[in-house]
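Below: one structure, written as structure tokens.
The values are calculated or read from the model by the stated rules, or taken from the named source; none is laboratory data. From a predicted model like this one, the values you see are computed outputs, not experimental measurements. A quick note on method: Cβ atoms are made from the backbone with ideal geometry, for glycine too, and the neighbour counts reach across all protein chains shown.
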Amino acid sequence: MCIRDSPYPAPGDDAGHTRQFSLGEAPDAYGDHGDPYGPGAAPAPPAGPRLHWKDLLSGIVLRPTATFWQMRDHQMWAPALIVTFVYGLLAVFGFDKARSDVLHASFAEVLPAVLITGVIMVIAGLILGAVTHTLARQLGGDGIWQPTVGLSMLIMSITDAPRLLFAMFLGGDSTLVQVLGWATWLAGGALLTSMVSKSHDLPWPRALGASAIQLVALLSLIKLGTL
């Protein structure tokens with residue numbers, strides 16, 4: 001009689017005994033075969049110690065993958081809020097009409113407008129980062145919102161800095177500024193997708209989908225000068 005037809009349990013299956021499996025034979029050896037990001041998939045590398053703000057800012061540009069892995073479980077509100085606020089203060093000078101109005105107004109009139117723009121950029125960064133985090137969770141991500149929002153704000157501000165620097169002196173209609181605008185937008189999209197992928201353990205197509213609304217908003221509001 002075959003063992004499979006025997007009314008008695010196979011050796012090792014009865015209570016108090018264990019059954020040995022060779023590599024790949026265990027029922028859950030490879031997790032869910034249909035979804036490499038589903039239950040049983042290899043866990044993401046553990047987050048490292050919190051980076052100093054200087055290492056964080058330079059790492060986003062020079063070592064993005066390692067930085068996103070290391071900061072995936074750490075909040076970074078101070079650098080994110082300060083950098084985005086300073087970026088908002090300078091963003092006024094990146095638009096031709098706004099820069100002309102500022103340069104021809106008194107300091108008392110300019111200061112409130114510049115400060116308000118900085119606050120608006122911070123609020124916009126918070127909202128867009130929260131939208132990206134929410135979409136990532138809807139698409140199966142498992143990250144937490146503080147790192148996602150903080151890193152998205154930093155990516156938004158840092159990647160647009162080259163375009164803004166030249167726009168302040170050459171004007172927003174300059175060919176160089178336009179080229180930099182598109183190039184930095186694509187770079188920001190790549191960094192944002194990579195960050196969401198690392199922070200939420202998502203494959204890059206889902207990470208890109210989660211970042212889509214933020215990327216479109218940045219393109220229409222900042223890169224195309226409709227702010």
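Just a few scattered comments:
- Yes/no for R137 being touching a residue at least 24 places away in the same chain (Cβ under 8 Å) and in contact with a Leu (Cβ under 6 Å, 6 or more places away or on another chain): no
- Set side by side, the residues L202, L180 differ, and just one is touching a helix residue (DSSP H, G or I) at 6+ places or on another chain (Cβ under 9 Å), assigned to a helix (DSSP H, G or I) and not aromatic (F, W, Y), which is L180.
- Residues that are within 25 Å of F166 (Cβ to Cβ) and among the basic types (K, R), drawn from the range 65-123: K97, R99
- Test: residue in the range 80-96 that is among the small types (G, A, S) and exposed (fewer than 14 other Cβ atoms within 10 Å of the Cβ): no
- Figure legend. Inter-residue proximity from the range 42-53: first residues over 14 Å from D142 (Cβ atoms) and of a type in the set (G, A, S), second residues at pLDDT 85 or above and surrounded by 14 or more Cβ atoms within 10 Å (Cβ to Cβ), beta-carbon distance below 6 Å, spacing 6+ or different chains. Indicated pairs: G48/Q70.
- Given (1) touching a Lys or Arg at 6+ places or on another chain (Cβ under 7 Å); (2) within 21 Å of V216 (Cβ to Cβ), number of the condition G140 does not satisfy: (2)
- Selection of the range 146-161 for residues being surrounded by fewer than 24 Cβ atoms within 10 Å (Cβ to Cβ) and of a type in the set (G, A, S) yields only A161.
- Check on L164, more than 24 Å from D96 (Cβ to Cβ), buried (at least 16 other Cβ atoms within 10 Å of the Cβ) and in contact (Cβ under 8 Å) with a residue 40 or more places away in the chain: no
- Counting residues in the range 90-107 that are of a type in the set (S, T, N, Q) and under 30 Å from P203 (Cβ atoms) gives zero.
- Within the range 126-135, the set of residues being more than 10 Å from the chain's Cα centre (by Cα) and crowded, with 16+ Cβ neighbours inside 10 Å comprises L126, L128, V131, L135.
- For G172, the criteria (1) under 19 Å from A91 (Cα atoms); (2) in a helix (DSSP H, G or I) hold in every case but one, which is (2).
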